[in-house]
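A short write-up of the structure that comes next.
The values are calculated or read from the model by the stated rules, or taken from the named source; none is laboratory data. The structure displayed is predicted, hence computed values, not measured ones. Every residue, glycine among them, receives a Cβ derived from its backbone with ideal geometry; neighbour counts consider all protein chains shown. Protein only, heavy atoms only, side chains kept; ligands, DNA and RNA dropped before computing areas. Shrake-Rupley method; radii C 1.70, N 1.55, O 1.52, S 1.80 Å.
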Amino acid sequence: MPKDLELQISALRKSPWVNLSGLVDCATKRLSKPTCQSIQLLGKGSYNTVYKLVFADDTEIAASVSVHDIEDFNIQAKLSEIATMQFVRASGSYPGIQVPRVHACDFTFCNQAGAPYVLMDVVHGRKLDNLINDDNKLRGLDAPVPFDKIGSIILDGEVGFTLGPLFTITQQNLRGPYKSLVDLWRARLEHVMLRSLREWSKLETEQLSRSLSEPKCTPQTFSELYQLLSSLVHHFVPPSSYLLLVLHHPDLALRNVFFDLTDDTKIVGLIDWGGAQILPLILTAKFPDDLMSTGEDPCERPGIPDEGWNTVSHDWTSFGDTSKWPNIFRGSSDQVDLTIRASAMIKRYGDCDLDRAMLFAHAPYYLKSHEIVMGG
């Protein structure tokens, strides 16, 4: 291995069990490549670390390495992620959205890299958080899909793309697939009740709450809430026009969306498909987390309460004197420009497409109902 490459590897961030020299060897052998000339960090998220490998023939490969350890890694969820990427590429339903082509993968911890990895094309373009033009509108993946259930995409050797269990972005298996929202909600409520019954058998007191910050709750109170939610489930169902099944990307973070180098309105890449789901349209009508806020995010504002919703943004329609805002950092030396972020959040209300504007206007009510039932 060239000394320059060894120096680059020694300077890169990685999980303790990952062997980057072994990752380079895996990529070189599996893709039949000549010598690897360089390796650099492309990005690090909550679930994967991605490196760019450049070989002697000037080809580039993105190597995505899972940050999960052997106890937390879910191979079925990862297979669903790969199947979703292949579906988007093959279906023809998303001509404006391209995803990397997967060349090879290994989902074991006994390979030379020491961790599950995926080798795929490098997506070139500008990340959304690097764009200056605020007029970009990222449209949802709202094309109809050839599925009639709620779940995550899997690849079956006999039937091709089909639906399997519903996986979350954290690789949690919510079982399924489900015929309807009501079936999904009832299954989740039943799951919570069965888990609670197991926990109740271990209780030494009547108190269910585990911390002083949680409201007091006893098995009787919990049972009453369970019965109430069960009786209201049918009232939470959205109108049929909002139940069209579509593909949902759960992590449209600014770092995951790439735009054309010369056209700020053209998406050339979308990465990090882990936890992608087939869901009713109304449950996908939410803004990227990086453009959302709560009462205390990105900075606390006096008099603005934080209701604590995970899927519904706080309505910041007035920002006052932004010069008095504190400095906010994502990480060391990585400052967030709150003025630009505030502008982007304000401009989201300027959508002139009436149907889409109404969808987003109605979505918070159904998203809150969904979050309550799903245990948010």
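Place the peptides 245-253, 179-187 in order of packing, highest mean first, counting for every residue the other Cβ atoms within 10 Å and averaging per peptide.
Numbers: 245-253: 20.9, 179-187: 17.2.
The packing order, highest mean first, is 245-253, 179-187.
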Using amide H atoms built 1.01 Å from N in the peptide plane, name the residues 5+ places from Leu42, or on other chains, whose amide H lies under 5 Å from its own. Val50, Tyr51, Lys52
Provide the per-residue ³J(HN,Hα) series for the stretch 186-201, in order, calculated from phi with Karplus coefficients 6.51, -1.76, 1.60 and θ = phi - 60°, each as a whole number of Hz, with x at glycine and proline positions. 5, 5, 5, 4, 5, 4, 5, 5, 5, 5, 5, 4, 5, 6, 4, 5
Assuming 0.36 nm per residue, please report the length gained on full extension of the stretch Lys29 to Ala56 beyond their Cα-Cα distance. 8.3 nm
Summarise the accessible area of the stretch 1-69 (1.4 Å probe, protein heavy atoms) by the percent that is carbon and sulfur. 48
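Could you sort the peptides 103-114, 40-51 by per-residue average Cβ neighbour count (10 Å cutoff), highest mean leading? Don't skip to the end; give the middle numbers.
Numbers: 103-114: 15.9, 40-51: 17.8.
Going from most to least packed, we get 40-51, 103-114.
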Protection proxy ranking, peptides 357-364, 162-169, average beta carbon neighbours within 10 Å, highest first: 162-169, 357-364
Any idea how far the Cα center of the stretch 216-236 sits from the one of the stretch 24-60, in Å? 51
Taking the Cβ of Ser241 as the center, what net charge do the other residues with Cβ under 13 Å away carry, scoring Lys and Arg +1 and Asp and Glu -1? -1
Could you calculate the FRET efficiency of Asp72 with Thr218 from 1/(1 + (r/R0)^6), where r is the beta carbon distance between them and R0 is 41 Å, rounded to 0.05? 0.80
Table column - 3J(HN,Hα) (Hz), the stretch 73-79, Karplus curve with 6.51, -1.76, 1.60, x for Gly and Pro: 6, 10, 5, 5, 5, 5, 4
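Once the piece of chain linking Lys266 and Lys179 is laid out straight, how much longer is it, given 0.36 nm per residue of separation minus the C-alpha distance between them?
On the way: separation 87, 0.36 × 87 = 31.32 nm, distance 3.49 nm.
Roughly 27.8 nm would be gained on extension.
Structure shown: which of Lys33/Lys266; Lys78/Lys286; Lys44/Lys286 lie over 29 Å apart, alpha-carbon to alpha-carbon?
Values: Lys33/Lys266 32 Å; Lys78/Lys286 24 Å; Lys44/Lys286 24 Å.
Too far apart for the 29 Å limit: Lys33/Lys266.
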Computed E for Ser10/His103 - FRET, C-beta separation, R0 41 angstrom, nearest 0.05: 0.95
Taking amide H positions as placed in the peptide plane 1.01 Å from N, state which residues far from Gly269 in sequence (5 or more) or on other chains have amide H under 5 Å from it. Gln98, Phe258
Phi to ³J(HN,Hα) by Karplus 6.51 cos²θ - 1.76 cosθ + 1.60 over the stretch 246-263, Hz, x for Gly, Pro: 9, 8, 10, 8, x, 9, 7, 5, 4, 6, 9, 10, 10, 10, 4, 5, 10, 10
